1. Filter segment 214-249 down to the residues that are touching a Ser or Thr at 6+ places or on another chain (Cβ under 9 Å) and part of a loop (DSSP other than H, G, I, E, B), then identify the one that is nearest to I274 (Cα to Cα).
2. Quick one: is T179 open to solvent by 50 Å² or more (accessible area, probe 1.4 Å) and of a type in the set (V, I, T)?
3. Can you name the number of the only condition in (1) open to solvent by 40 Å² or more (accessible area, probe 1.4 Å); (2) at pLDDT 95 or above; (3) farther than 30 Å from F208 by Cα that D67 fails?
4. Can you list residue pairs whose Cβ atoms sit under 8 Å apart, with the first residue in segment 271-284 being more than 18 Å from A325 (Cα to Cα) and modelled with pLDDT under 95 and the second being assigned to a loop (DSSP other than H, G, I, E, B) and open to solvent by 100 Å² or more (accessible area, probe 1.4 Å)? Count only pairs 6 or more apart in sequence or on different chains.
5. Only residues that are exposed (fewer than 15 other Cβ atoms within 10 Å of the Cβ) and of a type in the set (A, V, I, L, M): list them for segment 299-324, please.
6. Specify the residue that is surrounded by the most Cβ atoms within 10 Å (Cβ to Cβ); the eligible residues are those in segment 110-125 that are in a loop (DSSP other than H, G, I, E, B) and in contact with a strand residue (DSSP E or B) (Cβ under 8 Å, 6 or more places away or on another chain).
7. Limited to segment 13-44, what total is found for residues that are touching a strand residue (DSSP E or B) at 6+ places or on another chain (Cβ under 8 Å), farther than 20 Å from V161 by Cβ and either in a helix (DSSP H, G or I) or not assigned by the TED database to the domain that holds N76 (or both)?
8. Being more than 17 Å from S142 (Cβ to Cβ), open to solvent by 20 Å² or more (accessible area, probe 1.4 Å) and touching a residue at least 12 places away in the same chain (Cβ under 8 Å) narrows it down to one of P88, P58, so name that one.
Amino acid sequence: LSADDIYVTSGCLQAIEVALAAINRPGANILLPRPGFTFYESRAAYEHLQVRHFDLLPDRGWEVDVDAIEALADDNTVAIVIINPGNPCGSVYSYDHLKMVAETARKLGILVIADEVYGHLTFGSTPFVPMGIFGSIVPVLSLGSISKRWVVPGWRLGWLVTSDPNGILQKSGIVESITGFLNISTDPATFIQGAIPQILENTKDDFFSKVIVTLKEAADKCFDGIREVPCLTCPKKPEGSMFVMVKLNVSLLEDISDDLDFCMKLAKEESVIIVPAGKIRKIQVSLTKLPQNYTGMAFGMKNWLRITFACEISALEDGLRRIKAFHQRHVRKQ
């Protein structure tokens with residue numbers, strides 16, 4: 001990489017905005033993971049960019065369903081989004097799996113947008129592999145920020161990196177589109193930019209190792225606690241990021257209809273808030289092209305839940321105890 005390959009943004013959210021705007025053209029579509037980070041759907045709608053979802057496979061550690069990608073793509077497909085380490089799954093992809101994704105994207109003639117905002121926040125047996133190392137196979141736009149690894153949420157400094165030794169992004173005009181977007185948008189705060197050399201160069205290794213140790217302990221506690229709740233199943237212990245996806249078995253519960261009902265009643269009765277992966281609350285809206293009582297999908301997976309373990313161990317343990325008590329109170333009578 002050179003300095004010309006790096007574009008500074010106002011957090012990773014702006015990096016997503018830049019990436020989707022740069023690749024868009026009339027009639028284009030993009031492949032997004034399900035479950036995935038919901039901002040991609042919102043921004044794609046803003047860009048009038050059609051979304052096509054491919055499934056992540058829970059029984060294979062939330063790997064990409066590569067066969068589904070080939071079936072979904074057509075001549076109007078411009079890119080595939082890969083989130084690694086995974087939000088909301090807590091997954092970390094192997095070198096071989098990422099290479100397979102890169103080779104599939106090359107076969108389809110599309111680029112890869114690699115969301116790596118949780119890069120290096122891994123604590124399992126699978127090491128983090130940056131997608132950019134496959135830039136000679138397929139053009140890659142890598143997205144990241146300082147907010148997660150350096151634990152400074154709200155500082156709003158991120159980046160977009162082009163990994164493209166074959167110059168495809170330059171020839172196709174995407175680099176020009178990226179530059180054009182950033183020339184007419186806001187930059188990160190100058191005092192944050194001024195702090196970046198110190199942050200990148202002088203953060204000691206023990207800071208990172210302490211963060212990883214803390215996250216691993218929390219992930220282990222979360223996984224073990226979930227296994228004590230009969231109506232919840234975690235297909236794989238999280239190995240990265242700050243989240244885990246959990247399957248909800250409503251048939252074991254007396255008066256719970258779905259994941260939204262579970263989360264609403266859990267919040268009311270136990271003051272524990274987790275995110276339903278299927279429907280979200282109906283809301284009254286007046287925005288153009290949205291119906292009244294619009295119901296959205298949080299992560300596109302009915303009767304799944306996203307739980308975060310990025311909190312103090314004592315609070316996490318207390319929350320898991322409350323979820324277990326909630327299950328016992330609502331368990332279906334035999």
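1. M242
2. Numbers: open to solvent by 50 Å² or more (accessible area, probe 1.4 Å): yes; of a type in the set (V, I, T): yes.
Taking the combined requirement at face value, the residue satisfies it.
3. Looking at each condition in turn, D67 falls short on (2).
4. Filtered contacts from segment 271-284: A277/K302; G278/K302; K279/K302; Q284/Q292.
5. Correct list: I313, A315.
6. So the residue we want is Y118.
7. Residues flagged as touching a strand residue (DSSP E or B) at 6+ places or on another chain (Cβ under 8 Å), farther than 20 Å from V161 by Cβ and either in a helix (DSSP H, G or I) or not assigned by the TED database to the domain that holds N76 (or both) within segment 13-44 amount to 2.
8. Checking each option against the conditions leaves just P58.
The values are calculated or read from the model by the stated rules, or taken from the named source; none is laboratory data. Just so we're clear, the structure is a prediction, and the values are computed from it rather than from any experiment. Cβ sites come from the backbone with ideal geometry, for glycine too, and all protein chains shown count toward neighbours. When the accessible area is computed, the model is the full protein with side chains, heavy atoms only, and any ligands, DNA or RNA have been set aside. Shrake-Rupley method; radii C 1.70, N 1.55, O 1.52, S 1.80 Å.
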